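Below is one structure, written out as structure tokens; the observations come after it.
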Amino acid sequence: MDQTVTNEQSNQPESSAQGLFWAVLKRDLMLAYRKKSDLFNPLIFFLMVATLFPLGVSPEPDFLAEVAPGVVWVAALLATLLSMDSLFRSDFEDGTLEQTLLSPQPLFVIVLAKVVAHWMMSGLPLTLLAPLLGVMLFLPSEGMGGLMLSLLLGTPTLSLIGAIGAALTVGLRKGGVLISLLVLPLYIPVLIFGTAAVQAAVTGLPLAGFFALLGAMLALGMVMAPLAIGAALRISVSG
Amino acid sequence: MSDKKKWMPRWFYQLASPRWSYEIMGKLLPGFVVAALLFLVAGTVWALAFAPADYQQGNSFRIIYIHVPSAILAQSCYMLMAIAGAIGLIWKMKVADMVAKACAPIGVSVAILALATGAIWGKPTWGSWWVWDARLTSMLILLFLYLGVIALNSAIESETTAARASAVLALVGLVNIPIIKYSVDWWNTLHQPATFKLTERPAMPAEMWVPLLVMVIGFYCLFSVSLMMRTRNEILYRERRASWVRELLEKR
């Protein structure tokens with residue numbers, strides 16, 4: 001697996017932004033695959049948070065069905081947040097991040113690839129696991145499609161926004177709590193429209209508007225967030 | 001190079017010098033103190049004693065004279081913080097970083113004031129202290145954004161790194177400002193629509209909105225006073241090793 005990005009590679013004709021993207025994505029996925037606890041901890045956390053609600057609030061099926069969209073979304077949001085801190089930390093600690101910033105490759109592409117890799121390890125499994133939680137919380141079956149689609153559109157945005165917080169705090173020893181403080185306010189719009197989409201799906205209202213808004217947030221995040229993440233990484237590493 | 005500089009006024013470049021900024025703010029400060037006192041006292045007396053009572057809400061509407069200025073100021077203060085942060089990031093201007101840092105605590109207090117007066121106003125009008133309405137929630141998010149910027153700023157030891165990191169965060173948080181601004185137009189909510197618009201005359205009679213305008217100007221003057229005092233403090237602290245600060249302190 002000699003896919004690491006080096007200066008020599010950039011001189012070769014076949015290296016391109018696309019090649020770089022896939023190389024970084026492959027490397028990050030490989031790293032995650034080798035360290036499985038990082039992969040499973042957010043998922044277990046996701047399940048546990050959702051379990052707390054029937055135990056802590058009420059096990060009534062009617063009540064649970066009503067709060068299910070919110071509970072699943074809040075759990076997904078917290079699980080994403082939990083996994084965010086590790087996004088740049090190991091790279092920062094072993095010096096890879098410094099090398100990445102020094103390399104002539106476009107930082108935008110590298111950062112985007114890292115966030116996509118992170119989403120494939122957190123947001124995507126969470127989305128796939130969501131129907132299970134939906135059933136556990138008695139979410140009506142009409143809402144299932146809306147739940148999965150809203151999570152599919154919303155969780156990449158969560159990863160993009162969270163990466164900004166991770167990049168800002170990577171140089172700090174105790175960044176974990178700080179990330180949630182920085183990032184949670186920015187998550188609120190995604191949460192609002194995500195849960196609203198599920199509720200609309202349950203009651204049979206038109207969904208297109210909510211998905212358009214979630215998609216718009218994702219598009220804006222894809223274009224703007226990597227710039228902010230790159231700038232934040234440069235600040236964190238140089239400081 | 002001198003040709004290039006001409007498109008920016010001279011004072012903009014002079015602001016880059018902490019000493020010059022310290023002195024110019026010192027000269028401006030008394031004027032703003034007087035203006036703030038004048039506008040706030042006149043506005044308060046006018047608003048509480050002479051403005052007519054609302055036909056629906058009676059006298060309870062008078063809290064608008066604190067609520068609206070503080071809500072407007074909370075958003076302006078955030079914009080100023082983000083703009084100053086951007087100037088600090090782009091031109092590496094130390095004074096801009098200090099202005100951005102000075103903005104955050106003022107923003108927190110004004111946002112809390114806006115939320116608190118809103119709650120006090122909401123109790124007699126809507127029958128509850130808090131409603132999860134779009135305007136209220138987005139204002140609460142603004143408060144959290146301010147707190148996040150302060151937390152990040154105090155977590156990073158190096159002053160320049162802290163300033164640049166919080167500037168990035170402030171710029172990212174800027175997306176919330178249009179959400180607050182247009183929340184009453186985009187969503188059907190309990191909160192009444194914007195009181196002031198640049199393009200239209202206010203829906204209230206002049207006897208009601210003129211004192212409000214006076215109060216808004218007074219709040220901006222008070223904000224300027226507070227901001228300049230904080231920035232001057234910050235300049236003195238950061239330049240404490242400079243000879244001019246030592247001379248200044250010895251003179252006292």
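The values are calculated or read from the model by the stated rules, or taken from the named source; none is laboratory data. Source: prediction; values computed, not measured. We place every Cβ from the backbone using ideal geometry, glycine too, and count neighbours over all the protein chains shown. Surface accessibility is based on the protein's heavy atoms, side chains included, excluding ligands, DNA and RNA. Shrake-Rupley method; radii C 1.70, N 1.55, O 1.52, S 1.80 Å.
Remarks
- Whole-percent carbon and sulfur share, accessible surface of segment A:3-147, 1.4 Å: 65 percent
- Per residue, the convex hull spanned by the Cα atoms of segment B:127-252 amounts to 192 cubic angstrom.
- Helices meeting the span-like rule in chain A (full DSSP H runs, Cα extent of at least 27 Å along the helix axis, mean Kyte-Doolittle score of -0.5 or higher): A:36-56, A:61-84, A:142-169, A:176-203, A:208-238.
- Positive contributions from Lys and Arg (+1) and negative ones from Asp and Glu (-1), summed over other residues with Cβ under 10 Å from the Cβ of A:G175, come out at +2.
- Student exercise, segment B:137-252 dipole from Lys, Arg, Asp, Glu Cβ charges, in Debye to nearest 20: 360 debye
- Taking the empirical scaling 2.2 N^0.38 Å for compact globular proteins as reference, segment B:109-154 has a Cα radius of gyration ratio of 1.29.
- Compared with the dominant Cα axis of chain B, that is its longest principal axis, helix B:18-45 is turned about 20°.
- Since only B:Y78, B:W121, B:A47 are under comparison, the one whose Cα sits farthest along the positive direction of the charge dipole of segment B:1-145, derived from C-beta charges on Lys, Arg, Asp and Glu, is B:Y78.
- Summed buried accessible area for B+A [probe radius 1.4 Å, Å², rounded to 100]: 1500 Å²
- The residue among A:P42, B:L248, B:W186 whose Cα reaches farthest toward the positive pole of the charge dipole of the protein assembly as shown, with charges on the beta-carbon of Lys, Arg, Asp and Glu, is B:L248.
- The angle between the Cα long axis of helix B:134-155 and the longest principal axis of the Cα atoms of chain B comes to about 20 degrees, rounded to the nearest 10.
- With viscosity 1.567 mPa s and temperature 4 °C, the Kirkwood radius over alpha carbon pairs of segment A:128-231 converts through Stokes-Einstein to a diffusion coefficient of 88 µm²/s.
- Taking every C-alpha pair closer than 8 Å and separated by at least 6 residues, the mean separation divided by the residue count of chain A gives a relative contact order of 25 percent.
- Computed on segment A:37-113, with alpha-carbon pairs under 8 angstrom and 6+ residues apart, the relative contact order is 31 percent.
- Positive minus negative residues near B:W121 (Lys, Arg vs Asp, Glu; Cβ under 12 Å): +1
- With all protein chains in place and ligands, DNA and RNA left out, the 1.4 Å accessible area ranks B:R62, B:R241 as B:R241, B:R62, largest first.
- Square roots of 5 times each gyration tensor eigenvalue, C-alpha, segment A:65-145, largest first, Å: 36, 12, 8
- Average projected area [Cα convex hull, chain A], square nanometres: 13.4 nm²
- Gyration tensor verdict on the protein assembly as shown (Cα atoms; rounded if a/c is under 1.5, prolate if a/b is larger than b/c, oblate otherwise): oblate
- Of A:V74, A:V116, A:V223, the one that fluctuates the most in a GNM where chain A has Cα springs shorter than 10 Å: A:V223
- Given +1 at the Cβ of Lys and Arg, -1 at the Cβ of Asp and Glu and no other charges, the dipole of chain A around its Cα centre is 300 debye to the nearest 20.
- Counting only protein heavy atoms and using a 1.4 Å probe, the accessible area of B:W187 comes to about 90 Å².
- In segment B:134-252, taking the dipole from charged Cβ atoms about the Cα centre, the farthest positive-side position among B:N233, B:F144, B:V210 is held by B:N233.
- Charges were assigned to the Cβ only: +1 to each Lys and Arg, -1 to each Asp and Glu. The resulting dipole of the protein assembly as shown about its Cα centre is roughly 1740 debye.
- For chain B, the longest principal axis of the Cα atoms and the long axis of helix B:176-186 meet at an angle of about 20 degrees.
- Size check on segment B:1-122: the Cα extents along the three principal axes, sorted descending, read 63, 26, 23 Å.
- Gaussian network model of chain A, Cα within-10 Å springs - most flexible of A:L158, A:L78, A:L52: A:L52
- Note on chain A: with a GNM built from Cα contacts shorter than 10 Å, the maximum mean-square fluctuation among A:V190, A:V177, A:V111 falls on A:V177.
- Positive contributions from Lys and Arg (+1) and negative ones from Asp and Glu (-1), summed over other residues with Cβ under 14 Å from the Cβ of A:L82, come out at -1.
- Taking a ≥ b ≥ c as the square roots of the eigenvalues of the alpha carbon gyration tensor, segment A:22-67 is prolate, as a/c is not under 1.5 and a/b beats b/c.
- Accessible area of segment B:130-252 belonging to carbon and sulfur atoms, whole % at 1.4 Å probe: 60 percent
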